[in-house]
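Student: Take a look at this one; I'll ask things after.
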Amino acid sequence: MAEETQTQEEVETTENTTQAPTTYTQAQLDSEADKRAAKALETAKAKWEAEQAKALEDAKSEGARLAKMSADEKAQELEKQRQAALDKREAELNQRELSASTKSLLVDKGLPGELADSLVALGDADKIKAAVETLGKSIQETVNKQVETKLQTDPPKNGASALDGADDPFKKIMAQYKK
């Protein structure tokens, strides 16, 4: 019995607290916004400092590794890094060039240029050109079929025409005017 009374009191207390709307002053809202902004800045600053510390540690370890190497090994390592950077730049340049040529090919064929990004994923200019040709033919055939379907009319019925006959509606109208 005591438990039921306690549960009922909790329900009544919960109902009372949910019914009363809480109002805040502008100063309280500003204070809460400032707290949240400060917390977000603190989090971002901590993350940035961690990234900087990691980058510094990586640079130190790379420097220590290079310091332990002989002059020939250092030269080979630096050449390898330079070659890797050049290869990366060349790959990016080829990707941009392939994207531009694909867009121009699509525009020349009358296809939307937005398809270029998905076609560049094929990676080979010959494959892209073949895909564009196939895509252009497919779209053209589909459009032609749709146009033919829309332009189709019912064929004329085989039978005598009502014109120039006894039941010609124009003759009936003309007959009324002749009277």
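The values are calculated or read from the model by the stated rules, or taken from the named source; none is laboratory data. Every value quoted in this text rests on a predicted model; they were computed, and no experiment measured them. Here Cβ is always computed from backbone atoms with ideal geometry, including for glycine, and neighbour counts include all displayed protein chains. Please note that ligands, DNA and RNA were not included when accessible areas were found on the heavy atoms of the full protein model with its side chains. Shrake-Rupley method; radii C 1.70, N 1.55, O 1.52, S 1.80 Å.
Student: Taking Asp126 and the conditions (1) at pLDDT 85 or above; (2) surrounded by 10 or more Cβ atoms within 10 Å (Cβ to Cβ); (3) not aromatic (Phe, Trp, Tyr), which numbered condition does it fall short on, given that it satisfies the others?
Tutor: Evaluating Asp126 over (1) at pLDDT 85 or above; (2) surrounded by 10 or more Cβ atoms within 10 Å (Cβ to Cβ); (3) not aromatic (Phe, Trp, Tyr) leaves (2) as the failure.
Student: Right, here's the next one. When residues of the range 74-97 are filtered for being open to solvent by less than 90 Å² (accessible area, probe 1.4 Å) and more than 30 Å from the chain's Cα centre (by Cα), how many remain?
Tutor: 8
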